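Below is one structure, written out as structure tokens; comments come after it.
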Amino acid sequence: MDSPPSSGRLTVITGPSGVGKGTLVALLLQRHPALWLSVSATTRSPRPGESDGQHYVFLTRPDFEARVAGGGFLEWAEFAGHLYGTPRAPVEAQLVLGRPVLLEIELEGARQVRRTFPAAFQVLIKPPSFEELERRIRGRGTDSEEAIQRRLARAREELTAEAEFDAVLVNADLDMALQELERLLGLADAD
Ligand SMILES: Nc1nc2c(ncn2[C@@H]2O[C@H](COP(=O)(O)OP(=O)(O)O)[C@@H](O)[C@H]2O)c(=O)[nH]1
Ligand SMILES: Nc1ncnc2c1ncn2[C@@H]1O[C@H](COP(=O)(O)OP(=O)(O)O)[C@@H](O)[C@H]1O
């Protein structure tokens, strides 16, 4: 099931909010500059330190909906009261160039990609426990109590979807999880 992706392959990384997806993906990109991470669009407000076009493309809801209507997203979903989507054109362009592409997206989006790109390699990142997940979301200090509650409710749902994924990775120790992710993605040290 977990055969490593070839170059130009699409990899989807999913997992509950606060599990460490962003942390793992940032480390992966530092170590493997050949990887290309899709920058999503969202209607949520920027967090302190997030810049437009780098972490997300921040859109109003009407602008986001116009892009949906125009077929501009490879996939999109609503999460915790906001819309999130993967701009289609840049992903397709990178795949044509043969570059390995990463999407860091939530469960509904992963399901859409499974239908449109059945060859995509899909990884679910899990926390060592639900209590640890809550500690990480709170420890990050970026979300309101309401946003935290919505993320925790959604997390319970996402964690039941394990069987849908090509691989499941527990992010307990960060270095170990990073190594395991590299192994799953078939990334050698020098990639
Ligand atoms: N479907 C979909 N989900 C996305 C996209 N971009 C980000 N997400 C997911 O939306 C959720 C919320 O992201 P964010 O607001 O940055 O919060 P965080 O995960 O708590 O840091 C996370 O599960 C992301 O993986 C996207 O383009 N499409
Ligand atoms: N293996 C780990 N052990 C302890 N804390 C972690 C680990 N991985 C990530 N974290 C911390 O958990 C918090 C949430 O991580 P983040 O990458 O923002 O999650 P996500 O992108 O999945 O929402 C951050 O404060 C991060 O530093």
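Just so you know, all these numbers are worked out from the coordinates, no wet-lab data involved. Just so it is clear, the model here is predicted, and its values are computed rather than measured. Here Cβ is always computed from backbone atoms with ideal geometry, including for glycine, and neighbour counts include all displayed protein chains.
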**Message:** Given the options Ser38, Ser51, Ser17, name the one that is farther than 23 Å from Glu157 by Cβ and out of contact with any strand residue (DSSP E or B) (no Cβ under 6 Å at 6 or more places or on another chain).
**Reply:** Ser51
**Prompt:** Is it true that Leu133 is more than 15 Å from the chain's Cα centre (by Cα), more than 15 Å from ligand 1 (Cβ to nearest atom) and not aromatic (Phe, Trp, Tyr)?
**Reply:** no
**Request:** Under 6 Å between Cβ atoms, at least 6 apart or on separate chains: pull out the pairs that start in segment 72-101 with a residue that is in contact (Cβ under 8 Å) with a residue 12 or more places away in the chain and on the phi > 0 side of the Ramachandran plot and end on any residue that is of a type in the set (S, T, N, Q) and more than 10 Å from ligand 1 (Cβ to nearest atom).
**Result:** Gly98/Ser7
**Prompt:** List, please: which pairs have Cβ atoms under 7 Å, are six or more places apart or on different chains, and start with a residue in segment 50-65 that is assigned to a loop (DSSP other than H, G, I, E, B) and end with one that is of a type in the set (Gly, Ala, Ser)?
**Reply:** Leu59/Ala41
**Item:** Given (1) in a helix (DSSP H, G or I); (2) within 14 Å of ligand 2 (Cβ to nearest atom); (3) crowded, with 16+ Cβ neighbours inside 10 Å, index of the condition Gln30 fails
**Value:** (3)
**Message:** So if I check each of Glu108, Glu164, Glu132, which one is within 15 Å of ligand 2 (Cβ to nearest atom), among the acidic types (Asp, Glu) and surrounded by 13 or more Cβ atoms within 10 Å (Cβ to Cβ)?
**Reply:** Glu132
